[in-house]
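Every number in this text was worked out from the coordinates using simple rules, so none of it is lab data. Nothing here was measured: the structure is a model prediction, and the numbers come from that model. All Cβ positions, even for glycine, are placed from backbone atoms using ideal geometry, and neighbour counts span all protein chains on display.
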Amino acid sequence: MAYSNHASDDTFFVESDDQPCHRMNIRDAAKMLARNKQEMIANELSRLAGDEYLEDIMQHMRHMEDETLPDANLIDMQREIQWFMRPYLIDFLIEAHAAFSLLPETLFLTVNLLDRYCSKRVVYKQHYQLVGCAALLIASKYGDKKDRVPQINELNNMCCGLYDAGMFTQMEMHVLNTLDWNIGHPTVDFFAQLLIAEERDSREVEHMAAYICEIALYHRDFVSTKPSIMARSSLALARAILGKPDVNDGEWDHVENVTLLTLSQHLHQPSVTLSRKYSSQYYSRVSGKLADFLAQQAAIARRGAPPSPPCEPALASKPANVYSTPHKGLGAVPGVADGYMTPPITPDGPCFVQNSGMVKDFQIPPRCPLTPTPQPNHHMPTYPQQHTAQPSYFEGSSIHMRY
């Protein structure tokens, strides 16, 4: 995974009091008032239409939620994409989403498109970030404001120039064709907003639920969870964390109970990038409140738990391997795809035919960190290929490794 040198900067999520205050002239103020009046009229018309067609809308959303749900079991069968790579890509997408000030539902739609594509096509690890960028482009064009849609050169700069501009266009078209141009997906933000409006939850509960839902984006356990279940579970968990009264909105089924329990088990080590995002006053500083709540619960558990028996010396001294997921090679020879790689070159498009020499001469700028690759496990048994997904349009790439 490649990041530009400003990807590690804290300016995306940190508020500053040094912003200059510009005085608005009369003409701009009149335009703003007229725009606000138009939005109020549009919202009122939408509310009236929504009340009349709410039942049909919800029925259609339930159908779409089933039709556009990714399959985590198919992603398990990817030959190169491993789950330990996912947090690095989600961090990148969250930073890019914040940098372009996109709508909240755009982020959830981006991850949905990414997972649906990985459920249908074989993806090489050097194209994983490219697929994520293409999904972000599609999602922002689908539901965000036109002036906030990222430009390809801007995304390419965030990727440290790893890809040619034509590769973004090719991958964007390939994702759309793979998904049969079926982009619409009822995101968890859509269902959460419905529940928040119905239950009149506070902004603090809304922000905590959003924080929990974005934590879930990092984990395999929630890839195939319906957005409606995720929204209800995250809101219930957010109320419990903030000490708000629970809402009795009907019986919970087994799936919702399991989702709620699994969510509570993934709150202890959130991403630093995501925690920094929700530490601002705009998001009610919910990341700090969640950390305080978990610390209090841990202290209560320590006071009430019996003393634990001494562990074995060998087990106590054995370091934990955070990259324990086995990594499979690109070719038939074990370990051939391990190590760091040069930027991928896709010769399928006309923009790559005349520039075959750039494969040897191009060097990754040293300021761009790559996704860590675990050491190969030479004792890992080999298994027969069981992948049922069709080969990707980008599988014919010329891959050059360095060790």
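A quick yes/no check of all residues on (1) among the polar types (S, T, N, Q); (2) under 15 Å from the mean Cα position of the chain (by Cα):
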position	(1), (2)
58	no, no
65	no, no
73	yes, no
76	no, no
84	no, yes
88	no, yes
92	no, yes
99	no, yes
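Residues of region 71-88 being out of contact with any Ser or Thr (no Cβ under 8 Å at 6 or more places or on another chain) and closer than 21 Å to residue 272 by Cβ, which ones? Matches in region 71-88: 86 only. Restricting region 177-203 to residues that are without any contact (Cβ under 8 Å) to a residue 40 or more places away in the chain and polar (S, T, N, Q), the residue that is farthest from residue 236 (Cα to Cα) is 177. For region 273-284, a residue qualifies if it is touching a residue at least 40 places away in the same chain (Cβ under 8 Å) and in a helix (DSSP H, G or I), and the qualifying residues are 273, 274, 276, 277, 281, 282, 283.
Criterion applied to 85, 61 was being surrounded by 15 or more Cβ atoms within 10 Å (Cβ to Cβ) and within 30 Å of residue 127 (Cβ to Cβ), and the one residue passing it is 85.
When you look at residue 144, is it within 16 Å of the chain's Cα centre (by Cα) and of a type in the set (Asp, Glu), yes or no? The answer is no for residue 144. Whenever a residue of region 285-301 is surrounded by 14 or more Cβ atoms within 10 Å (Cβ to Cβ), its partners that are assigned to a helix (DSSP H, G or I) and not hydrophobic (A, V, I, L, M, F, W, C), lying with C-beta atoms within less than 6 angstrom and at least six residues away or across chains, give the pairs 286/207; 286/211; 287/275. Kindly check whether there is at least one residue in region 97-110 that is over 17 Å from residue 227 (Cβ atoms) and in contact with a Pro (Cβ under 7 Å, 6 or more places away or on another chain). So far as region 97-110 goes, yes, one or more of its residues are over 17 Å from residue 227 (Cβ atoms) and in contact with a Pro (Cβ under 7 Å, 6 or more places away or on another chain).
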